[in-house]
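Quick notes on the structure that follows.
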Amino acid sequence: ALDDALAEIEALAALGHVKAVGETGLDYFRTGPEGMAAQERSFRAHIEIAKRQGKALVIHDRDAHADVLRVLREEGAPERTVFHCYSGDADMARECAAAGYYMSFAGTVTFKNAAPLREALAVAPLELVLVETDAPYLTPAPYRGRPNAPYLIPLTVRAMAAVRGIDEDAMATALAANTARAFNY
């Protein structure tokens, strides 16, 4: 079934209005060794599809940072690679930045216990930073626990601007330009 699914993804990725392949990647939360191997095979195939079709690659990475980065190095990442709902630390942000990967931050950056995530945002080059809702989850504070939605993006942007020490308009302007570059608008 995976081969049939990948063929369909390739066909869809060839469409002009499709901007990215993904969300794809590795998720080791509650995943055994057999599942990890299947995910890696799928992830590698998605990387190749994104490269063949000239599309951005949107990565899901949960509890698998080292392996996601390893697979990207081994396969050669697409020109435009986005870490959806970035969850790494500052060291990983430096590694992503060196490779030119975009890092997209969600409401988690507002959580009190997310100091490592804010440290990652602080060291990520502004031109590689994106924002997202990851709706319906990861709602920014003070609405954590309620369903997330795009109307709450300003709370995340405000927190991101504070971490970066810039005003909200400057952050929003950078995020808009980065999004256009990342998704080839």
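No lab work stands behind these numbers, since they all come straight from the coordinates. Worth saying up front: this structure is predicted, and the values here are computed from it rather than measured. Positions of Cβ are generated from backbone atoms using ideal geometry, with glycine treated the same way; all protein chains shown enter the neighbour counts.
Select from region 23-58 the residues that are of a type in the set (S, T, N, Q) and closer than 25 Å to residue 185 by Cβ and write down the one among them that is farthest from the chain's Cα centre (by Cα).
Among them, the one singled out is 53.
Output the residues belonging to region 106-129 that are in contact (Cβ under 8 Å) with a residue 12 or more places away in the chain, surrounded by fewer than 19 Cβ atoms within 10 Å (Cβ to Cβ) and not basic (Lys, Arg).
Selection gives 111, 116, 119, 122, 123, 125, 126, 127.
Please pick out the residue among 20, 5 that is in contact (Cβ under 8 Å) with a residue 12 or more places away in the chain and either closer than 25 Å to residue 184 by Cβ or charged (D, E, K, R) (or both).
20
Go over the candidates 153, 166 one by one and state the one that is among the β-branched types (Val, Ile, Thr), farther than 20 Å from residue 89 by Cα and crowded, with 17+ Cβ neighbours inside 10 Å.
153
Of the residues in region 52-105, how many are aliphatic (A, V, I, L, M) and in contact (Cβ under 8 Å) with a residue 60 or more places away in the chain?
So the count comes out to 2.
Which numbered condition in (1) farther than 16 Å from residue 175 by Cα; (2) under 15 Å from the mean Cα position of the chain (by Cα); (3) hydrophobic (A, V, I, L, M, F, W, C); (4) buried (at least 16 other Cβ atoms within 10 Å of the Cβ) is the only one that residue 99 fails?
(4)
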